[in-house]
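**Student:** Right, I'll just put the structure down here and ask away after.
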């Protein structure tokens with residue numbers, strides 16, 4: 001049994017737990033083989049048809065680093081981890097490929113089609129609110145291609161209004177907010193507050209392509225936090241990066257044996 005991926009993941013999880021007890025789920029894609037069209041499940045996640053690449057393919061989120069991607073067709077990463085107050089964050093990078101279709105992401109009742117609670121699509125930087133997702137305030141930006149962002153999906157599942165830490169915005173009961181942190185300009189981009197227009201529940205987070213979709217999206221560091229929080233303090237980012245480096249060092253040391 002090769003325990004290297006386990007040790008690397010454990011190192012990352014222990015660091016995150018020590019840094020922030022509110023982190024419920026975290027995946028940095030360092031424990032998977034570098035390959036396309038993989039499937040895996042367990043620990044609250046079901047991934048199907050996804051790929052994993054490293055710095056020999058691209059360095060969207062720095063190097064050395066592994067990251068996940070979808071490149072069209074029926075494929076998804078789904079995490080069945082939810083809480084009354086929750087923030088799902090993940091690194092996002094859309095490369096210039098010339099493809100003309102979409103990748104979808106959001107929260108929903110097992111999917112982000114007709115079962116979506118709050119969901120969006122992206123294609124060549126253009127964001128669109130999709131199924132059951134109605135804009136209440138704000139507007140969707142257009143993202144730059146070939147640029148790394150941190151995406152924040154902030155959901156208030158309580159029965160009262162709540163304040164989003166880091167922005168001060170008020171999120172009404174049942175509402176969802178979308179934010180992007182631009183890693184180049186180091187600015188937070190508010191991308192709207194949304195109501196749900198159907199009767200779907202929230203039991204999953206997804207990044208998703210359907211069979212007719214044809215787009216490439218890189219992603220990394222999927223995190224479920226059981227608070228409403230956008231953009232941790234810079235010191236926390238530094239500590240998280242240190243934890244990621246520790247996990248990488250564990251893997252490298254084991255490989256040399």
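**Student:** For the range 145-168, name all the residues that are surrounded by fewer than 19 Cβ atoms within 10 Å (Cβ to Cβ) and either assigned to a strand (DSSP E or B) or out of contact with any strand residue (DSSP E or B) (no Cβ under 8 Å at 6 or more places or on another chain) (or both).
**Tutor:** 145, 159, 160, 163, 165, 168
**Student:** Right, something else. Filter the strands (runs of 3 or more DSSP E) completely within the range 100-140 down to those with at least 3 residues that are within 19 Å of the chain's Cα centre (by Cα) and under 20 Å from residue 73 (Cβ atoms).
**Tutor:** Per the criteria, 103-108, 116-123.
**Student:** Looking at the range 67-75, is at least one residue within 30 Å of residue 158 (Cα to Cα) and assigned to a strand (DSSP E or B)?
**Tutor:** No; the residues of the range 67-75 include none that is within 30 Å of residue 158 (Cα to Cα) and assigned to a strand (DSSP E or B).
**Student:** List the pairs whose first member sits in the range 160-176 and is at positive phi, whose second member is in a loop (DSSP other than H, G, I, E, B) and at pLDDT 95 or above, and whose Cβ atoms are under 6 Å apart, counting only residues at least 6 apart or on separate chains?
**Tutor:** As it stands, the answer is 166/230, since those pairs meet every condition given.
**Student:** Provide a single number: the residues in the range 82-96 that are surrounded by fewer than 18 Cβ atoms within 10 Å (Cβ to Cβ) and either over 24 Å from residue 59 (Cβ atoms) or in contact with a strand residue (DSSP E or B) (Cβ under 6 Å, 6 or more places away or on another chain) (or both).
**Tutor:** 2
The values are calculated or read from the model by the stated rules, or taken from the named source; none is laboratory data. Computed from a predicted structure; not experimentally measured. Glycine also receives a Cβ, built like all others from the backbone with ideal geometry; neighbour counts cover every protein chain displayed.
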